[in-house]
1. Against the longest principal axis of the chain, how steep is helix 100-120, in degrees 0 to 90 to the nearest 10, with axes from Cα atoms?
2. Could you tell me how many degrees, from 0 to 90 and to the nearest 10, lie between the Cα long axis of helix 126-156 and the main elongation axis, the longest principal axis, of the Cα atoms of the chain?
3. Hey, can you grab everything whose amide H is under 5 Å from the amide H of GLU83? Only 5+ residues off in sequence or another chain; H modelled, so Pro and N-termini drop out.
4. In the chain, once you exclude exposed GluC sites (Glu not before Pro) (DSSP loop, at most 11 other Cβ within 10 angstrom), what's the longest stretch remaining?
5. Can you show me the helix-derived [θ] at 222 nm for the chain, built from DSSP H runs with n ≥ 4 at -39,500 (n - 2.57) apiece and divided by the number of residues, rounded to the nearest 500.
6. What is the Cα centroid distance between the stretch 104-128 and the stretch 20-92, reported in whole angstrom?
7. Tell me, what is the Rg over Rh of the chain, with Rh the Kirkwood radius over Cα pairs?
8. Determine, for each peptide in 94-104, 37-47, the mean count of other beta carbons within 10 angstrom over its residues, then list the peptides with the highest first.
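Here, each number is a calculation from the coordinates, and none is a lab measurement. A quick note: this is a predicted structure, and the numbers were derived from the prediction, not measured. Positions of Cβ are generated from backbone atoms using ideal geometry, with glycine treated the same way; all protein chains shown enter the neighbour counts.
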Amino acid sequence: MEPLDRSLLGLTGYRMRRSTSSSLSRMSSVFAEFGLRRTTFSTLVLVVDNPGMRQSQIAEALAIERPNFVQIVDELEKAGLVERKAAVGDRRAYALQPTPAGCALLERAMIAAREIDQQMTQGLSPEQIDALHSALKIIDINAKCSETSDERQISRA
């Protein structure tokens, strides 16, 4: 029996959405075990990897609107995983620092995330995984260029 979505399966965007939906669902359940969500996990990773970065820089890197990002940081701060400190040279801006508890939690969560990642790429060689990452990077760049191009075409109309 052929799948009902056989016509859609030939579209790269559809395949990406299907695999993204499945993988994010699995990752979400793993993060929940650590009291995290996808957005809080991603934010914590960037804060640990880049201590002292401004909130606005991390929000931009994660493509999260600033008002939404403030809520994410509030959640992490309330959990004792990050601290806000006045940014050097601009007391109006906040720099984010991981706490020892945040670093310890992230270490455990990252081990679990890597295990799930390995399960999801099971059957792929390291070269295939590298090729997949390269292809996804190109698709991301092309999609962003297409958005800009589409916006230009709309503004000309």
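1. Once rounded, one gets 10 degrees.
2. So the helix axis and the longest Cα principal axis differ by about 90 degrees.
3. GLN97, THR99
4. The longest such stretch corresponds to 66-157.
5. -22500 deg cm²/dmol
6. Going from one Cα centre to the other spans 20 Å.
7. Rounded to two decimals, Rg/Rh equals 1.04.
8. Ranking the peptides 94-104, 37-47 by packing returns 37-47, 94-104.
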